[in-house]
Each structure stands twice: as C-alpha cells, then as structure tokens.
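Read through the structure below, which is laid out as structure tokens, and then see the notes.
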Amino acid sequence: MTDQNASSELRVAIAGLGSIGTKVASALDQGIEGLALSALAVRDPAKHQAFLGGLRHPPQILPIDRLGDAADIVVECAPSSQLRGIIEPAVRRGKSAVVVSVGGLLDNYDLVDLARANGGRILVSTGALIGLDAVNAAAIGTIHSVKMVTRKPIDGLKGAPFIVQNNIDIDNLREPLKLFEGSARDAAKGFPANVNVAVALSLAGIGPDRTQIQVWADPTVTRNVHRIEVEADSARFSMSIENIPSENPKTGLITALSVIALLRKQRATLCVGT
Ligand SMILES: NC(=O)C1=CN([C@@H]2O[C@H](COP(=O)(O)OP(=O)(O)OC[C@H]3O[C@@H](n4cnc5c(N)ncnc54)[C@H](O)[C@@H]3O)[C@@H](O)[C@H]2O)C=CC1
Ligand SMILES: O=C([O-])CC(=O)C(=O)O
C-alpha cells in the first residue's frame with residue numbers, strides 16, 4: 001500500500017490577510033498535515049508587520065500574480081474584484097486555486113476552462129454554508145428546486161451595491177425588510193460580499209439562474225442566518241446555519257474554518273464527507 005503522506009509537502013500561498021486569510025495563514029503556520037505556508041500576497045505589508053512577525057515560519061511576500069510560482073495551492077482570501085488577478089496566473093500554471101469570493105467566479109467562469117486546459121483545479125470551499133455534500137450528491141440525480149433565505153444584521157449588509165443603487169435606508173429599520181428576491185446570479189451582483197454562499201450552493205446544485213434566494217436586512221438578528229430548502233428526486237432536505245460574524249461583520253467566523261478543513265483534506269489520511 002502506498003503511504004500518501006510519504007510524498008513531499010504541498011506548498012500553500014494565500015492572497016489577502018483579512019478576516020479569513022489571517023486565520024488560514026495562522027493554521028498553516030501552526031501546522032497542517034502535509035502542507036506548508038510558502039507565500040503571502042498582501043496589499044499593504046506595513047499594516048501586517050505584527051502578524052507577519054509572529055509567524056513561526058515566515059513565508060515569502062509576493063505580488064498576487066506570482067503566488068503560483070511559489071505554491072501548489074493558491075488560496076484566494078481577498079475581495080472579489082481581485083479574484084481574476086489571483087486565480088488566472090495560478091491555474092494557467094496548472095496549480096490548484098481555492099476560491100472564497102465565489103460570487104466573483106460567475107463573471108470569470110472562463111477560468112474553469114483555463115484551469116482544465118492547463119491541468120489546474122478550482123476548489124470552492126463550503127465557506128459559510130452547510131450541506132454542499134448533500135447538494136452535490138442530489139445533483140447526481142435530479143434536483144427540482146433550491147430555495148435559500150438569508151437574513152443578516154444591518155452591519156453585515158451596509159454598502160452593498162443593491163442597497164446603494166436603490167437608495168434603501170437600512171440604518172433605521174425596526175423590523176425585518178426583504179431587500180431582494182431572485183436568482184443567485186443576480187443576488188451576487190447586488191450583494192457581492194454577502195451571498196457568496198448562494199453562489200457556492202448554486203454551483204453545487206442547479207446553477208446560478210435556477211437557485212432562488214431572498215436577502216433580508218434584519219435588525220432582530222445578531223448572526224448571519226441562511227436557511228435552505230432542496231427538493232430532489234432522491235431526497236427533500238432543509239438546512240440552516242446561524243453564523244457568528246467575524247471582525248468583518250459581513251463574514252461568518254466559520255468561513256475560515258471551512259477553508260482550513262478543505263486544506264486539511266488535501267493530504268489527510270482519513271477524509272470524511274464528500
Ligand atoms: N464563500 C463564503 O462562504 C464566504 C466568502 N466571503 C468572501 O471572502 C472574501 C474575503 O473575506 P474577508 O476575509 O472577510 O475580507 P476582508 O475584507 O477581511 O479581507 C480581505 C483582505 O484582502 C486584502 N486585499 C485586497 N486587495 C488585495 C490585493 N490586491 N492583494 C493582496 N491583498 C489584498 C485586503 O487588504 C484585506 O486585508 C470576500 O470576497 C468575502 O465576500 C466571505 C464570507 C463567506
Ligand atoms: O458569512 C456569511 O454568513 C456569508 C457571507 O458573508 C457570504 O456568503 O459572503
């Protein structure tokens with residue numbers, strides 16, 4: 001029997017040291033079986049001096065388009081506007097890229113073909129969601145519908161393009177307000193930093209045009225709440241998750257943990273879940 005762990009370590013690079021990137025970098029620095037943190041891309045290195053100085057094994061600091069030179073896996077942890085600049089050079093070099101700004105993938109879907117043509121891979125983490133294993137499995141058969149309802153506290157929605165463009169005042173809400181109802185594709189345009197989860201769900205299931213989502217601004221909740229109903233020929237299931245916001249109120253704490261779990265699976269001897 002071959003021992004998978006006998007091969008050399010996979011080198012991992014991270015683009016962006018915000019709420020998600022710092023936690024993933026720390027986990028790698030502390031040690032994940034078979035993986036090593038090899039490089040980071042940061043917008044403003046001076047801002048991250050203390051964090052970088054605290055790492056046990058300081059990685060190289062590189063521009064985003066050079067991360068694939070120094071890594072086997074490039075993890076995107078930046079705003080979706082940076083997605084192409086991070087993922088394209090990596091998959092062009094045949095590397096794997098982990099995407100968290102999944103909404104940004106819809107306008108850059110040619111990257112999947114680019115990865116395929118060059119032997120690269122694009123891995124979308126479950127992120128702040130739940131149950132993509134079941135959705136993946138149901139999609140092997142026929143899924144009839146996927147419906148999602150997202151409720152976020154006011155701070156988690158401020159500045160979303162849909163709210164700004166439609167001049168919606170959410171600051172003085174006293175009760176929940178339904179802001180949006182439509183496809184995951186349209187939701188990603190209006191709320192690029194809020195509904196990555198809906199896009200991940202859609203890519204696991206029936207696609208961004210058939211996946212339906214409501215987005216609510218809800219002054220009565222303190223967590224980012226996502227509820228999902230799936231109707232398929234193999235099963236009907238409901239899922240819900242209430243995410244504790246991280247220091248970035250738009251981002252649930254579990255998102256970074258999901259990326260760490262995905263990275264662990266790359267070399268783990270025992271893998272659980274699809
Ligand atoms: N898939 C999912 O379930 C979820 C995805 N997200 C998405 O993940 C992404 C990251 O989220 P957070 O860590 O909370 O954001 P954040 O705003 O805390 O961190 C982003 C970091 O990227 C850095 N950055 C920006 N441009 C850069 C560049 N050119 N080079 C290097 N660094 C650059 C910023 O300085 C910042 O430190 C966002 O797009 C967010 O919408 C967030 C929550 C859930
Ligand atoms: O953290 C969450 O609950 C979800 C989120 O922000 C996103 O999907 O972008």
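Have a look at the stretch 104-162 and give its Rg and Dmax from the Cα atoms, expressed in angstrom.
15.7, 43
Using a probe of 1.4 angstrom, how much of the accessible area of the chain is carbon and sulfur, in percent?
So the carbon and sulfur contribution to the accessible surface is 50 percent.
With every protein chain left in place, what is the accessible area of E181 in Å² (1.4 Å probe, nearest 10)?
110
What FRET efficiency do you get for R121 and E33 if R0 is 25 Å and r is their Cβ-Cβ distance, rounded to the nearest 0.05?
Plugging the Cβ-Cβ distance into 1/(1 + (r/R0)^6) gives 0.80.
Rounded to the nearest 0.05, what FRET efficiency is calculated for T269 and R236 with R0 set to 30 Å and r the Cβ-Cβ distance?
Using R0 = 30 Å, I get an efficiency of 0.30.
Tell me the per residue accessible area of the chain using a 1.4 Å probe; a whole number in Å² is fine.
48
Looking only at the stretch 132-243, where both bridge partners belong to it, what percent of the DSSP beta bridges are antiparallel (to the nearest 5)?
80
Return the subset of K23/K250; K23/K95; K47/K189; K147/K178; K147/K265; K47/K95 for which the Cα-Cα distance in this structure is over 18 Å, preserving the input order.
Result: K23/K95; K47/K189; K147/K265; K47/K95 exceed 18 Å.
Would you compute, from DSSP H runs of 4+ residues alone, the mean residue ellipticity of the chain at 222 nm, taking -39500 (n - 2.57) per run and dividing by the full residue count, rounded to the nearest 500?
Computed ellipticity for the chain at 222 nm equals -8000 deg cm²/dmol.
Count the DSSP beta bridges whose two residues both fall in the chain, then state the antiparallel fraction as a percent rounded to the nearest 5.
DSSP beta bridges in the chain are roughly 50 percent antiparallel.
Rounded to the nearest 20 debye, what is the charge dipole size of the stretch 132-243 about its Cα centre when +1 sits on each Lys and Arg Cβ and -1 on each Asp and Glu Cβ?
In debye, rounded to 20, the stretch 132-243 gives about 60.
Mind giving me the FRET efficiency for N172 and E229? R0 is 35 Å, r the Cβ-Cβ distance, nearest 0.05 is fine.
Computed FRET efficiency for N172 and E229 comes out at 0.65.
Using a 1.4 angstrom probe on the protein heavy atoms only, could you order S80, S238, S38, S202 from most to least accessible area?
S238, S80, S38, S202
Hey, can you grab everything whose amide H is under 5 Å from the amide H of V75? Only 5+ residues off in sequence or another chain; H modelled, so Pro and N-termini drop out.
Answer set, sorted by chain and number: A13, I14, A15, V98.
If I histogram all Cα-Cα distances within the chain using bins 10 Å wide from 0, what percent of pairs lands in each bin?
7, 28, 35, 23, 7, 1, 0
If you place +1 on the Cβ of every Lys and Arg and -1 on the Cβ of every Asp and Glu, how big does the dipole about the Cα centre of the chain come out, in debye to the nearest 20?
I would put it at about 220 debye.
Within the stretch 34-73, report the trypsin sites (Lys or Arg not before Pro) that DSSP leaves as loop and that have at most 14 other Cβ atoms within 10 Å.
Answer in residue order: R43, R56.
Could you tally the net charge around G18, taking each other residue with its Cβ under 13 Å from the Cβ of G18, Lys/Arg +1 and Asp/Glu -1?
Here the charged neighbours net out to +1.
How long are the semi-axes of the equivalent ellipsoid of the stretch 132-243, taking √(5λ) for every eigenvalue λ of the Cα gyration tensor, in whole Å from largest down?
Semi-axes, largest first: 27, 14, 10 Å.
I'd like the Karplus ³J(HN,Hα) series for the stretch 202-217: coefficients 6.51, -1.76, 1.60, θ = phi - 60°, whole numbers in Hz, and an x wherever there's a Gly or Pro.
In residue order, the calculated couplings are 5, 6, 6, x, 10, x, x, 8, 9, 7, 9, 9, 10, 10, 10, 8 Hz.
List the residues whose amide H sits under 5 Å from the amide H of V124, counting only those 5 or more places along or on another chain, with H placed 1.01 Å from N in the peptide plane.
Amide H neighbours of V124: V99.
The values are calculated or read from the model by the stated rules, or taken from the named source; none is laboratory data. Every value quoted in this text rests on a predicted model; they were computed, and no experiment measured them. Here the Cβ is made from the backbone with ideal geometry for all residues, glycine too, and neighbour counts use every protein chain on show. With ligands, DNA and RNA removed, areas are computed over all heavy atoms of the protein, side chains included. Shrake-Rupley method; radii C 1.70, N 1.55, O 1.52, S 1.80 Å.
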